[in-house]
Amino acid sequence: MEWTIIIKQFIGLFAVIDPIGGVVFFIGLAGSRPIEERAKIAMGAVLTMGITLIVAVLLGDKLLWFFGISLFSFRVGGGILILLTSIAMLGGYAPSLRRTPQELLESEDKASVAVVPLGIPFLAGPGAITTAVISAQNAKLTADLGILIGIIVLIAAITFVIFLSSGPISKVLGKTGMNIFTRLLGLLLAAISIEIIANGLKGLFPVLGH
C-alpha cells in the first residue's frame, strides 16, 4: 500500500472520529470523576471504538454480500453520510449529530459511560464505521488490511492520550480553538467524502468515467 493511501486513510478516520472535538464531551461526562476512573472510562471508550471498527473492517464486505448491496452503492450512500458528518463538523455541532439528547440523559445515570455513548456512537459512529468499511474494500492484500487495523489501533491510542489530557487541552485551546480544529477536519473530510461518492457513481454509471 502506498504511503499516500495510508495517510489518506489515517486522516479520513481521524477526522470522522474527531477526538479533539470529543474533549468537551468527555469532560462533560467524566470530568468530575477521580483521575483513575477517568482513565478507565477513556480506556473503555477507545477499546469499544477499536473493536467496533476492526470488526467493521473484517466483516464489512460479508455484510454487504449478505444484504445484496454492491460496493458502489455503499460508497455513494456511505459517502453521503460522511459528507453530512463533515457538514456538521464545519458547522461546529458534530457531537450532537452522533448522539441524541435521550442518549446523553441516559448516560448521566450510568456508572460507566465508556461504551455508550462515548465508545458508540460518539467515537465509532455511523460515519466512522462507514469509513472503515470503505477503506477495507480498497485493500487489495491481507497486508493492507493489517495496515488499516494498525491505523485504527494508532488512532485509538492517540484518542486515549487526548482524553487523558482533556483538561490541559481544553484550557490551552479553549472551546473556540477546538471548534476551529473540528472545522478544519470537517473540511478535509468533506473533500474525502466527495471523492468516495464520485468513485461510487463511476462504478454505478460507467459512462461518467468517460
Within the stretch 141-156, identify whether any single residue is part of a loop (DSSP other than H, G, I, E, B) and either surrounded by 13 or more Cβ atoms within 10 Å (Cβ to Cβ) or of a type in the set (A, V, I, L, M, F, W, C) (or both), and answer yes or no.
yes
Any chance G186 is of a type outside the set (A, V, I, L, M, F, W, C), loosely packed, with under 14 Cβ neighbours inside 10 Å and assigned to a helix (DSSP H, G or I)
no
For the stretch 122-137, how many residues are part of a helix (DSSP H, G or I) and either closer than 16 Å to I41 by Cβ or modelled with pLDDT under 55 (or both)?
2
Filtered residue count, the stretch 1-23, keeping only those that are over 18 Å from I134 (Cβ atoms) and surrounded by 18 or more Cβ atoms within 10 Å (Cβ to Cβ):
5
When the stretch 60-74 is checked residue by residue, the ones that are of a type in the set (A, V, I, L, M) and under 21 Å from the mean Cα position of the chain (by Cα) are L63, L64, L71
Sole exception among (1) at negative phi; (2) touching a helix residue (DSSP H, G or I) at 6+ places or on another chain (Cβ under 9 Å) for W3, by number:
(2)
Taking the stated definitions as given, is A136 surrounded by 21 or more Cβ atoms within 10 Å (Cβ to Cβ), within 17 Å of the chain's Cα centre (by Cα) and on the phi < 0 side of the Ramachandran plot?
yes
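Being more than 16 Å from L53 (Cβ to Cβ), at pLDDT 85 or above and of a type outside the set (D, E) is the requirement here; does V153 meet it?
no
What tally of residues in the stretch 157-172 results from selecting those that are in a helix (DSSP H, G or I) and free of Cβ contacts under 8 Å to residues at least 12 places away in the same chain?
Number of matching residues: 4.
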Would you be able to tell me the number of residues in the stretch 10-53 that are free of Cβ contacts under 8 Å to residues at least 12 places away in the same chain and under 16 Å from the mean Cα position of the chain (by Cα)?
1
Look through the stretch 70-93, keep the residues that are polar (S, T, N, Q) and surrounded by fewer than 19 Cβ atoms within 10 Å (Cβ to Cβ), and return whichever of them is nearest to G22 (Cα to Cα).
S73
Can you confirm whether the stretch 92-115 contains a residue that is at pLDDT below 90, among the acidic types (D, E) and assigned to a helix (DSSP H, G or I)?
yes
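The values are calculated or read from the model by the stated rules, or taken from the named source; none is laboratory data. Model, not experiment: these values are computed from the prediction. Counting neighbours? That spans all protein chains shown, and the Cβs are built from the backbone with ideal geometry, glycine included.
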